[in-house]
1. From B:Val312, B:Val284, grab the single residue that is within 16 Å of the chain's Cα centre (by Cα) and β-branched (Val, Ile, Thr).
2. Take A:Phe99 and decide whether it is crowded, with 18+ Cβ neighbours inside 10 Å, among the aromatic types (Phe, Trp, Tyr) and not assigned by TED's automatic domain parsing to the domain that holds A:Met258.
3. Consider B:Gly166 carefully, then state whether it is of a type outside the set (Ser, Thr, Tyr) and within 8 Å of chain A (Cβ to nearest Cβ).
4. Please specify each residue of the range B:189-199 satisfying the condition of being surrounded by 22 or more Cβ atoms within 10 Å (Cβ to Cβ) and at the interface with chain A (Cβ under 9 Å from one of its Cβ atoms).
5. Kindly indicate which of B:Glu317, B:Glu352 is more than 26 Å from the chain's Cα centre (by Cα) and among the acidic types (Asp, Glu).
6. Within the range B:206-246, which residues are surrounded by fewer than 19 Cβ atoms within 10 Å (Cβ to Cβ), farther than 25 Å from B:Ile388 by Cβ and more than 9 Å from chain A (Cβ to nearest Cβ)?
7. Within the range B:173-186, which residues are within 8 Å of chain A (Cβ to nearest Cβ) and either surrounded by fewer than 19 Cβ atoms within 10 Å (Cβ to Cβ) or not in a helix (DSSP H, G or I) (or both)?
8. Conditions: (1) within 24 Å of the chain's Cα centre (by Cα); (2) at pLDDT 95 or above; (3) buried (at least 16 other Cβ atoms within 10 Å of the Cβ). A:Ile388 meets all but one. Number of the miss?
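The values are calculated or read from the model by the stated rules, or taken from the named source; none is laboratory data. Keep in mind that this is a model prediction, so the values were computed, not measured. FYI the Cβ positions are ideal-geometry reconstructions off the backbone, even for glycines, and counts take in every protein chain you see.
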Number of protein chains: 2
Amino acid sequence: MVARESTDGERTAGGLPVPEGYEPKSEASLAAYLSGVSAVAAHLGGAAGDWRVREVGDGNLNLVFIVEGPAGGVAVKQALPYVRLVGESWPLPLSRAHFEQMALATEAQHAPGLVPDILHYDQTLALIVMELLQPHIIMRQGMIKAVRYPGFVEAITTFMAGTLFGTSDLALTAEEKKAAMAEFCGNTALCKITEDLIFTEPYRIAENNRWTTPQLDGIAREFREDAALKVAVSRLKLKFLSEAQALIHGDLHTGSVMVTEDDTRVIDPEFAFYGPMGFDIGAVIANLLINYFSQDGHATPEDPRESYQDWVLAATEGVWTGFRAKFLALWRNGATGDAYPAALFADTAGAEALKAEQEAYMDRLFTDSVGFAAAKMIRRILGLAHNIDLEWIEDLDRRAACETRCLRLARDMMVNRANYPTIEAVTAAARKMRDAA
Amino acid sequence: MVARESTDGERTAGGLPVPEGYEPKSEASLAAYLSGVSAVAAHLGGAAGDWRVREVGDGNLNLVFIVEGPAGGVAVKQALPYVRLVGESWPLPLSRAHFEQMALATEAQHAPGLVPDILHYDQTLALIVMELLQPHIIMRQGMIKAVRYPGFVEAITTFMAGTLFGTSDLALTAEEKKAAMAEFCGNTALCKITEDLIFTEPYRIAENNRWTTPQLDGIAREFREDAALKVAVSRLKLKFLSEAQALIHGDLHTGSVMVTEDDTRVIDPEFAFYGPMGFDIGAVIANLLINYFSQDGHATPEDPRESYQDWVLAATEGVWTGFRAKFLALWRNGATGDAYPAALFADTAGAEALKAEQEAYMDRLFTDSVGFAAAKMIRRILGLAHNIDLEWIEDLDRRAACETRCLRLARDMMVNRANYPTIEAVTAAARKMRDAA
């Protein structure tokens, strides 16, 4: 596909309007372009003819190239004016590349070393050149093979605490925050994907939905008729629509994390906007729990997974516990924002009351996170986008058994959130759900 | 004061930078300007020489002129680059006129007939020409004289339900709402006045604070040392900073309402932004309650105020009851927004669950409103800006007695919000506070 002029002179790509100068890159054309970007050319070394270019995009939305030269490699991500997975019938604005690079820059500021470095951003081409992360792999793929990542909890909690605290009203003045928020208000097309695919479609008949059939037909219908569940998910949707707590990543699952045993990087923040913090925290928890339940579909007598499942639940606990501790530490040491002004809490009684309020704040945030985690677990089984943790279980009965446990826990987490005051309550319920099977 | 070139060529007014073309208008210069605006000239009739111009601004921030011609009158509001009440030492951006006219236009759309018509807006001059409301007076002034406004409850509830519902996620798509929200993100200077003067300064030693002294010295100190109160008000401040529920007026007290016995108009939305709905509702309730308590300072044997106080409390109840009913009616009949999608609640069980959730939503909103009302009551007695309802009570002991009752009720409303599940609980507590005195 190439950009072209339509009959009335408007430039289009895939039938969709694109700005003057936009052109989807190909393996053939990319090297010549990059050779004109001095920072990138220097990073790769040699000349364009020496560079190996591979299109590797296995995601749903974009073109992704890996370019390797004598001195180093880069990853190149270019937005298409539509959803790659679906095609031109589902347009999606190129501006997502703009929001992604803005989010990456903000994340790098608040969580240095935990996102890829940006070498170049081309707004017209909607193209970002980043350092090549190698020998990193997508964490989800490692977890399916039961690989442990001892640095993950430390890294992801630092990332979340740093980015969420650092862009909140606890760290920013209202003027700073509103200015940043306004910049991300335009990312509505990406937000709408979340609003539809996570908070709405799994709970109604929708063309996009799919699930393991016929095994899950009953529970899918049950969920669509579950009024308490639909009220609960709609309340979360309203929170997603209206609560601008911090710059959230917006798609923080284990497929957005690249890892080695020593290094962890968070990628792909194109869904970023000012939203509820619990959405990011819940996404991490949900994807760990999905993996936990999926292991029963991968275990064999030669490769039992129970001790790995223990590791996954320990990591789940560590995610909340570590995040909570780090967020509170940032708050106690760097409350530079307009919320909870320090001047009000300088006396002894004030300091004690503030400390109690900080704990209460974290408890409220945890309750949000449990709800959002549940929403994420359900959408990955009954909605459009599924997780390979479960999809790669070939025996459909076995897969459906894992999925059913995950759905049952999620339904209870969402509707009866008060029963999950701690992360240990969540992991205990997960364990119990599996033991009961 | 006139705009002038400073030595380095930058245009200034009152020592502050202003855009090219900005010039504060005077009684002498205004008519000539208006004669060049055909819609205004036609409205006034005759020629500029026939028009009577009076500067009448008794507010805190702006120039306000009344211009009367043979055919009709207009009100002209022009922003100054500083707070008029304080002077050039407190700069305030001219952009507030821009936000005010945007808010007026949105309000006119959702609450037709309840705001003044705009005849002309000049962005460079930060100047709005509106229809002259006459024989309207500021509602607060009428209430001090115990004038009843039989149409007020009907009008203010229509205004609030229409504007708050119509700009919320219940009525707008996320894309529509985010676009509107982004436009108002720039109004941070005005928001900061609220954040400081309402949510922060009354609870600490601050130069701006003033109160009836020495009578209230004790309770002012008590409030500054009241950790539970400071936590509660800070939680409300966070909500004000982060919850973008709807386009709120932002300053909806009885001084922003112009009335006759038959007509009610809401003016002065320069504090408008996307914030928590309860802030507007709470502002109305607070200012009615302040008036209620103030009447004991105005009553004389010849002019007892008890039956007026009954009217004020009945109006207070009507404000919430009427708002709730109208907001719910709008929701049930016009849920065109992305929140609580109708498709999820089409079956009988869904419809019933949605109905219960709508009631629960209103209960949560009421709890917010009680908190914000309390914050508004306290700031008007211990902060910078006071209400003439109380200020006009000349006997300081008598005034302080009224103020103390108002403060005690507000403190309980803010800290023990669960004790006020209904508006009747609020009015009963107000009555009891007065009876106990």
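1. Selected residue: B:Val284, the only one of B:Val312, B:Val284 that is within 16 Å of the chain's Cα centre (by Cα) and β-branched (Val, Ile, Thr).
2. Against the criterion (crowded, with 18+ Cβ neighbours inside 10 Å, among the aromatic types (Phe, Trp, Tyr) and not assigned by TED's automatic domain parsing to the domain that holds A:Met258), A:Phe99 qualifies.
3. So B:Gly166 does not fit the description; no.
4. Within the range B:189-199, B:Cys191, B:Phe199 meet the criteria.
5. Step by step, each of B:Glu317, B:Glu352 is checked, and only B:Glu352 is more than 26 Å from the chain's Cα centre (by Cα) and among the acidic types (Asp, Glu).
6. B:Arg221, B:Glu222
7. Those that are within 8 Å of chain A (Cβ to nearest Cβ) and either surrounded by fewer than 19 Cβ atoms within 10 Å (Cβ to Cβ) or not in a helix (DSSP H, G or I) (or both): B:Glu175, B:Ala179, B:Ala182, B:Cys185, B:Gly186.
8. Here A:Ile388 meets the rest and fails (3).
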